[in-house]
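Working notes, structure below.
The values are calculated or read from the model by the stated rules, or taken from the named source; none is laboratory data. This structure is a prediction, so every number in the text was calculated from the model and none was measured. Cβ placement follows ideal geometry from the backbone for every residue including glycine, while neighbour counts extend to all protein chains displayed. Heavy atoms of the whole protein, side chains included, go into the accessibility calculation; ligands, DNA and RNA do not. Shrake-Rupley method; radii C 1.70, N 1.55, O 1.52, S 1.80 Å.
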Amino acid sequence: VRAHLQITKYMQKFSFLVFLLSISLTSICQVSNWHEDIDYFESELAKNHIDFYSIIDSVDFHNRLSVLKEKTDFLTDYEVELELQRILASLHISHTSILVQFNQSTKRLPLIADFFDDGLFIVGINKSNREFIGRKIIGINNIPIEEIYSRTEPFVSFENKQWLNRQFPYFISNVSFLKYIGVVKEDSLLTVNLDNQVTINFKAGLENLVSETAEVFNTSNWLKNRTRNYWFYVDNTCDLVYIQYNRCQEDTSYLFVDFVNDILKSVKEDSVNRILIDLRLNSGGDSEVFNPLIFALKELKNIEVYTAISKKTFSSGRMVAIKLRNQINSILIGENTGGSPRSYGNLRQIKLPNHTIVVNYCTKYFSLEDT
């Protein structure tokens, strides 16, 4: 019996040691995996991104990645991802990025915000808080929104403030990101501070907010079909054809050439003399898709063409706006677009070998002013 007890005791000690060893090996393996991925990140960007070491100093890039490798055993996977994005953001190329703000493994607020001339406002929220739509956000957890903006900026890939303003609301709805920049504590309530000393309190832990999310938008006509690639209608009271072009992508159920023919038919039948092309929601795709409409508009006589743009007009969407201005003298209305007329694009992707992270990088330089 005594021998049996001693054997059992030794086996328990042995099992515990094996358990500790397995934890240590797992930890070492995870760190090693990140080291491999960071080395891969460095070599692939240098090899594939156009003008890479003309944009960023090679020694500084390598040193920053070396410092990050030393920290990986103290950071979560998402935090390493954030630090990689911080390094990419320093290039100030909008397309070169890891989309950390949309990470599916992180907790999110059921809140959608947007910048206007006089501040950041709620434009969508979960149904139980829908009375707050249209209210101005002045802070989170009593930290002023200007301070949060300043802390967020180093993580955003942007070429102008418009694109930074476009991306900022996505970052502040990501609770894991807010924790990393010190806005949210692990087990505290998250309070969104609104104007006139009004607050919205979200639950501690924030585990169930994703399932509660229900976007609520206003019912303006121009937002009703925002998920469609393109659509149009004739407004006879304004003598106008309104065209909304939301995505530079062919709709296989409604080919763009058919779409153009329908527009031309309406222009002729309704004898309209003005066309408004709305690109305010267009963040890109293939700019060549739009060319048939450009060619058609060149043939129309005595037609005024206007193009509506916003900070959400980006990449190929911005290229279409410039084509309309330069090739058919369309008048641009609205706000500045979310990018520079001289920028890098033609997006490609790198997938890290050990972590489910996709790195977007550029392979071509564009001077859109020449479009």
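Numbers for the structure displayed
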{"item": "Subset of the stretch 80-120 that is small (Gly, Ala, Ser) and outside any loop (DSSP other than H, G, I, E, B) - its residue that is farthest from Glu42 (Cα to Cα)", "result": "Gly119"}
{"item": "Boolean, Ile98 is without any contact (Cβ under 8 Å) to a residue 60 or more places away in the chain and crowded, with 22+ Cβ neighbours inside 10 Å", "result": "no"}
{"item": "Cβ-Cβ under 8 Å pairs, at least 6 apart or on other chains, the stretch 58-75 side modelled with pLDDT under 95, far side among the hydroxyl-bearing types (Ser, Thr, Tyr) and open to solvent by 40 Å² or more (accessible area, probe 1.4 Å)", "result": "Asp73/Ser27"}
{"item": "Condition check for Asp270: among the charged types (D, E, K, R), at pLDDT 95 or above and more than 28 Å from Ile50 (Cβ to Cβ)", "result": "no"}
{"item": "Flag for Val257 being more than 27 Å from the chain's Cα centre (by Cα), surrounded by fewer than 18 Cβ atoms within 10 Å (Cβ to Cβ), under 30 Å from Arg108 (Cα atoms) and at pLDDT 95 or above", "result": "no"}
{"item": "Counted residues, the stretch 178-193 - those being open to solvent by less than 20 Å² (accessible area, probe 1.4 Å) and either more than 15 Å from Glu147 (Cα to Cα) or without any contact (Cβ under 8 Å) to a residue 24 or more places away in the chain (or both)", "result": "1"}
{"item": "Unique match (being part of a strand (DSSP E or B), touching an Asp or Glu at 6+ places or on another chain (Cβ under 7 Å) and of a type outside the set (S, T, N, Q)) among Gly124, Gly139", "result": "Gly124"}
{"item": "Search result, residues across the stretch 153-178 that are polar (S, T, N, Q) and assigned to a helix (DSSP H, G or I)", "result": "Gln162, Asn165, Gln167, Ser176"}
{"item": "Odd one out for Leu209, checked against (1) buried (at least 16 other Cβ atoms within 10 Å of the Cβ); (2) modelled with pLDDT of 90 or more; (3) not β-branched (Val, Ile, Thr)", "result": "(2)"}
{"item": "Residues being open to solvent by 60 Å² or more (accessible area, probe 1.4 Å) and touching a residue at least 24 places away in the same chain (Cβ under 8 Å) - total across the stretch 108-132", "result": "3"}
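Conditions tested, residue by residue: (1) assigned to a loop (DSSP other than H, G, I, E, B); (2) touching a residue at least 60 places away in the same chain (Cβ under 8 Å); (3) over 30 Å from Ile87 (Cβ atoms); (4) in contact with a Cys (Cβ under 7 Å, 6 or more places away or on another chain).
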{"site": "Leu264", "(1), (2), (3), (4)": "no, no, yes, no"}
{"site": "Glu269", "(1), (2), (3), (4)": "no, no, yes, no"}
{"site": "Leu324", "(1), (2), (3), (4)": "no, no, yes, no"}
{"site": "Gln349", "(1), (2), (3), (4)": "no, no, no, no"}
{"site": "His355", "(1), (2), (3), (4)": "yes, yes, no, no"}
{"site": "Asn360", "(1), (2), (3), (4)": "no, yes, no, no"}
